[in-house]
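A short worksheet on the structure shown next.
The values are calculated or read from the model by the stated rules, or taken from the named source; none is laboratory data. Just so you know, these numbers come straight off a predicted model, no measurement behind them. No Cβ is skipped: glycine too gets one built from the backbone with ideal geometry, and neighbour counts run over all protein chains shown. For the accessible areas, the whole protein counts, side chains as well, though only heavy atoms, and no ligand, DNA or RNA atoms are used. Shrake-Rupley method; radii C 1.70, N 1.55, O 1.52, S 1.80 Å.
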Amino acid sequence: MTLHDPSTQVPPVTPRRLLPPAPVVPPTLGLPLSAYRQRARRRLQATDALTVVLAASVAVAVALYLSDGGASGFGTPSGFLTSLGVVAGLAAMDLVLVMFLLSARVPAIDRTIGQDKALALHGALGKPILYLLAAHGALLLLGYAATEGISPITEAFSLWASGRNLQWAVVSLGLFTLVAVTSLVAVKRRLDQEVWHAIHLLTYAAVALSIPHQFSLSGLFSPGTLQRWYWLTLMILTGAAVLAYRVLVPLTRSLRHQVRITRVTGVAPGVVTIDMTGRDLERLHAQAGQFFIWRFLTPELWWQPHPFSVSAPPTRTSLRITVRNLGAGTARLMDIRPGTRVAIEGPYGIFTEAARTSRHVLLVGSGIGNAPIRGLLEGLTFLPGDATVILRASSPAEVYLLDEISALCEYRGARLFVLTGRRATGHSSWLPATAVGAGYTLASYLPAGQVPDVYVCGPLPWTDLVRQDALDAGIPAGSIHAEKFAL
Ligand SMILES: Cc1cc2nc3c(=O)[nH]c(=O)nc-3n(C[C@H](O)[C@H](O)[C@H](O)COP(=O)(O)OP(=O)(O)OC[C@H]3O[C@@H](n4cnc5c(N)ncnc54)[C@H](O)[C@@H]3O)c2cc1C
């Protein structure tokens, strides 16, 4: 089935047995347009507030230092170097704590910007932090050496000999460097996800090793100062958030909900749907489009956390994912046994109804990206005629979940286009060559006048091309929602 002509939808294929079970939230008539806009505005305001709070924390840390006597240090050349070194160290430490908070899966952050954006920001902070830490070490060394009138090398030896706290701080800088280097895209690609993750966890050790020198050297955080209270509070709150949301909440949820596999169904070669059941699953408040981090508790898999999106709206008793074999871990899931217990972390993400800004929706999926698209098609609220689905693949065999998506489109009154075939050479488009040749763009597949929310999930470069085409079609950036299968 290769239908590139936007006037030709996929004919309905609706065997009765494919009709979906009743969703937790039954399809409704949707919210009035003003309500969608109001919700989108509130989320933007929350995003701005979050950005201001995170940036302000660095400003507060520096301001506290300056007002606590630090400003007077800038008077002499050696004092200038030392004070600037301290400011660099404080900014770095503050950003490290911000980084921890961004990856701690704090619900308020997830609901505001989503895990993917939070983790992208977390990653983007890595290099600036490393530069600030390097500047911290170098400036302090030069400043101390200038004060004592000795060479920086002699000063380095003298500082190293001054005690354990400083030696740990140097080890901490080494660990930060290791984590930053292994997180560079080119290096990360060569490492197993688990090896990279283990190295990444060393950031916690790096912070722990740096704390003693902050409290013991230079009297910066001496008892009774405002700075001491600020930093202690920040560190304790961050530590508590990491412990709560990365360890305790997942542990209690896994124990409470007792998730186990009920069925594994082949969807296509190398793709399976895994149905699971559990207790009181409605208390997870999971929505179509969200993902969990799953640990399948078999001897080979329990230590590997895998993010997978739900491919159907979760119900009181069921969770469902669709998985493509893309590596050693997913290969093992192809024939995992019913009855296997599953530990869960989540639900996460705002690739959901929560991101809506319009009553119209366009769902665009490719490859295993069809999994959350199928879930959204079943779970989003829209009226017949208000939704369009586009599935893109190189060949018909790779249009995963087509039967179910097709049945759901008919059931819910959504338009479906299946676009198969090779990409145009020498032309960067997400569409097949034949569609490009005919002059079609994303807008060609939308009813005239519709400015929908676009939900797109597929390979990363392809997703970027869809996004660009949507922008070219006049769809605002805030209405384009992409789920990237890379954390
Ligand atoms: C938010 C999100 C939702 C996803 N939803 C689905 C889905 O519904 N169906 C599906 O088939 N796949 C999904 N994926 C991709 C899936 O997580 C990986 O394909 C899977 O974890 C690969 O594991 P592996 O051991 O088989 O392969 P590996 O050989 O370990 O890795 C193959 C690829 O997957 C990436 N990967 C591996 N483990 C992780 C991890 N813990 N976090 C992030 N990336 C990882 C690697 O970087 C690599 O690019 C999703 C990914 C994310 C981030």
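Starting from the Cα gyration tensor of region 433-478, multiply each eigenvalue by 5, take the square root, and state the resulting semi-axes largest first in whole Å.
Result for region 433-478: semi-axes of 16, 16, 8 Å.
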Review point. How far apart, in nm, are two points set 7 Å out from the Cα along the Cα-to-Cβ line at LEU178 and at ALA55?
Key: 3.5
**Study point:** Added length on full extension, which subtracts the Cα-Cα distance from 0.36 nm per residue, ALA240 to ARG39
**Key:** 69.3 nm
Check your understanding: Considering only protein heavy atoms and a 1.4 Å probe, what is the carbon-and-sulfur percentage of the accessible area of region 46-252?
Key -> 74
Practice item. Compute, for LYS117, the solvent-accessible surface of its heavy atoms (probe 1.4 Å) with the complete set of protein chains present, and express it in square angstrom to the nearest 10. Key: 120
Revision key, fill the gap. The simple spin-label model distance between SER428 and THR265, using points 7 Å out along Cα→Cβ, in nm, is 3.9
Check your understanding: Where does helix 402-412 land angle-wise versus the long Cα axis of the chain, in degrees 0 to 90, nearest 10?
Key -> 80
Point to revise | Selection of trypsin sites (Lys or Arg not before Pro), region 395-427, meeting DSSP coil and at most 15 other Cβ within 10 Å | key: ARG422
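Just to verify a number: FRET efficiency for ASP403 and LEU232, C-beta to C-beta distance, R0 = 35 Å, to 0.05? Working shown, then result.
Details: r = 58 Å, r/R0 = 1.66.
Given R0 = 35 Å and the Cβ-Cβ separation, E is 0.05.
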Review point. Relative contact order, percent, of region 257-348 when contacts are C-alpha pairs under 8 Å separated by at least 6 residues?
Key: 39
Practice item. For the chain, calculate the relative contact order in percent as a whole number, restricting contacts to Cα pairs under 8 Å that are 6 or more residues apart. Key: 18
Study note, to complete from the structure: Mean accessible area per residue over region 46-252 (1.4 angstrom probe, all protein chains present, square angstrom) is 51
Review point. Taking only Cα atoms, what is the 0 to 90° angle, nearest 10, from helix 226-242's long axis to the longest principal axis of the chain?
Key: 30
Practice item. Nearest 5 is fine: what % of DSSP beta bridges in the chain come out antiparallel, could you say? Key: 55
Review point. How much mean residue ellipticity at 222 nm does the chain get from its helices, if each DSSP H run of length 4 or more adds -39500 (n - 2.57) and you divide by all residues, to the nearest 500 deg cm²/dmol?
Key: -15500 deg cm²/dmol
**Study point:** Label-point gap, in nm, between ALA208 and ASP192 - each point 7 angstrom along Cα→Cβ
**Key:** 2.4
**Study point:** Low-density loop cleavage sites - trypsin sites (Lys or Arg not before Pro) in region 174-209, where at most 16 other Cβ are within 10 Å (DSSP)
**Key:** ARG189, ARG190
Exercise for review: Any chance you could give the angle, 0 to 90 degrees and rounded to 10, that helix 107-148 forms with the longest Cα principal axis of the chain?
Suggested key: 20
Exercise for review: Just need the relative contact order of region 46-252 here, percent rounded to a whole number, with Cα pairs under 8 Å and 6+ apart.
Suggested key: 23
Review point. Between ALA134 and VAL249, what is the FRET efficiency for a Förster distance of 45 Å, r being their Cβ-Cβ separation, to the nearest 0.05?
Key: 0.80
Point to revise | Linear extension gain, THR47 paired with PHE80, 0.36 nm per residue minus alpha-carbon span | key: 8.3 nm
Practice item. Taking the Cα centre of the chain as origin, work out the dipole magnitude from +1 charges on Lys and Arg Cβ and -1 charges on Asp and Glu Cβ, in debye rounded to 20. Key: 1020
Revision key, fill the gap. Whole-percent carbon and sulfur contribution to the accessible surface of region 275-424 (1.4 Å, no ligands, DNA or RNA) stands at 50
Practice item. Skip the ligands, DNA and RNA, and give the accessible area per residue of region 257-348 with a 1.4 Å probe, whole Å². Key: 44
Practice item. Just subtract the alpha-carbon distance of ILE150 and ARG316 from 0.36 nm times their residue separation and send over the number in nm, one decimal. Key: 52.7 nm
Review point. Over all Cα pairs of the chain, how is the pair count split among 10 Å bins, expressed in % and running from 0 up to the last occupied bin?
Key: 4, 17, 25, 22, 15, 10, 6, 1, 0
Revision key, fill the gap. Kirkwood Rh over alpha-carbon pairs of region 233-368 plugged into Stokes-Einstein at 37 °C, 0.692 mPa s gives a D in µm²/s of 205
